Amino acid sequence: MNKLFLILCLMPSIAIALSNDAEQPIKVKAQTVLIDEKKGLSVYTGKASVVQGSLILSAEKIRLFSNQTEVTKVIAKGNKKQRAHYQQSQPNQPRFIEATADNITYLIRQELVRLRGHAHLVQGFDSFSGGTLDYDIKNDKVIANKSKDGTQRVKFKIKL
């Protein structure tokens with residue numbers, strides 16, 4: 001139980017978009033949990049979700065990577081039935097940032113959300129999709145690319 005408490009104590013560094021998020025309690029749900037302190041890894045499997053303030057991350061499998069003081073990276077992997085999902089309020093956006101993809105990687109320090117496979121992002125009233133998509137939270141920038149095989153072309157809708 002102490003190991004789970006340690007991981008949960010490290011997780012407040014996940015919420016960076018809203019300073020208020022980091023102060024909120026963390027709620028984790030999963031069917032199974034694996035915590036490996038030596039590797040700095042915790043794995044949540046089976047309809048896993050992590051909620052902290054406005055941050056919501058859900059997927060079939062969520063892996064949290066940490067060093068001794070903070071969570072450094074989060075990887076969420078969806079399945080064929082349901083893609084990984086990320087949602088969070090952003091101070092410079094009128095609505096939630098919401099994203100889905102086969103795989104979502106959240107690089108905490110870089111303030112970067114990487115979407116791979118059937119990537120889709122809604123930012124305010126604009127939407128973007130493609131094979132891969134990077135969302136730079138700090139600089140409020142979206143970079144979308146087609147899939148390697150060319151079947152998932154870049155699409156976007158912007159409301160001016």
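Mind checking which residues of region 75-123 are in contact with a Ser or Thr (Cβ under 7 Å, 6 or more places away or on another chain), in contact (Cβ under 8 Å) with a residue 40 or more places away in the chain and assigned to a strand (DSSP E or B)?
Hit for region 75-123 is Q88, nothing else.
Is it true that S58 is assigned to a strand (DSSP E or B) and in contact (Cβ under 8 Å) with a residue 24 or more places away in the chain?
Numbers: assigned to a strand (DSSP E or B): yes; in contact (Cβ under 8 Å) with a residue 24 or more places away in the chain: yes.
Answer is yes for this residue.
Residue under question is L107, and the condition is that it be of a type outside the set (S, T, Y) and surrounded by fewer than 18 Cβ atoms within 10 Å (Cβ to Cβ); does it hold?
yes
Just name the residue that is farthest from the chain's Cα centre (by Cα) out of those in region 124-160 that are in a loop (DSSP other than H, G, I, E, B) and polar (S, T, N, Q). Before the answer, list the steps.
Taking region 124-160 as the starting set, the residues that turn out to be in a loop (DSSP other than H, G, I, E, B) are 124-125, 137-140, 146-154, 158-160.
Right, trim to polar (S, T, N, Q) and you get 139, 147, 151-152.
Working: N139: 17, S147: 20, T151: 24, Q152: 21 Å.
Among those residues, the one meeting the criterion is T151.
As an exercise: evaluate N139 against (1) surrounded by fewer than 18 Cβ atoms within 10 Å (Cβ to Cβ); (2) of a type outside the set (V, I, T); (3) in contact with an Asp or Glu (Cβ under 7 Å, 6 or more places away or on another chain) and give the number of the one condition it does not meet.
Failing condition for N139: (3).
I'd like the full set of residues that are farther than 16 Å from D36 by Cα and at pLDDT below 90, limited to region 57-80.
In the first step, residues of region 57-80 are kept if they are farther than 16 Å from D36 by Cα; the result is 57-60, 76-80.
Passing the criteria: only K80.
Buried (at least 19 other Cβ atoms within 10 Å of the Cβ), over 17 Å from K148 (Cα atoms), touching a strand residue (DSSP E or B) at 6+ places or on another chain (Cβ under 6 Å) and not small (G, A, S): does that describe Q123? Working first, answer last.
On the way: buried (at least 19 other Cβ atoms within 10 Å of the Cβ): yes; over 17 Å from K148 (Cα atoms): yes; touching a strand residue (DSSP E or B) at 6+ places or on another chain (Cβ under 6 Å): yes; not small (G, A, S): yes.
It is true that Q123 is buried (at least 19 other Cβ atoms within 10 Å of the Cβ), over 17 Å from K148 (Cα atoms), touching a strand residue (DSSP E or B) at 6+ places or on another chain (Cβ under 6 Å) and not small (G, A, S).
Name the single residue that is surrounded by the most Cβ atoms within 10 Å (Cβ to Cβ) among those in region 82-96 being at pLDDT 90 or above and not polar (S, T, N, Q).
Result: A84.
Please list, ordered by first then second residue, the pairs with beta carbon atoms under 6 Å, 6 or more apart or interchain, first in region 19-31 and modelled with pLDDT of 85 or more and in a strand (DSSP E or B), second among the hydroxyl-bearing types (S, T, Y) and surrounded by 15 or more Cβ atoms within 10 Å (Cβ to Cβ).
K29/S49
The values are calculated or read from the model by the stated rules, or taken from the named source; none is laboratory data. Bear in mind that the values here come from a model prediction, so they are computed numbers and not experimental data. Here Cβ is always computed from backbone atoms with ideal geometry, including for glycine, and neighbour counts include all displayed protein chains.
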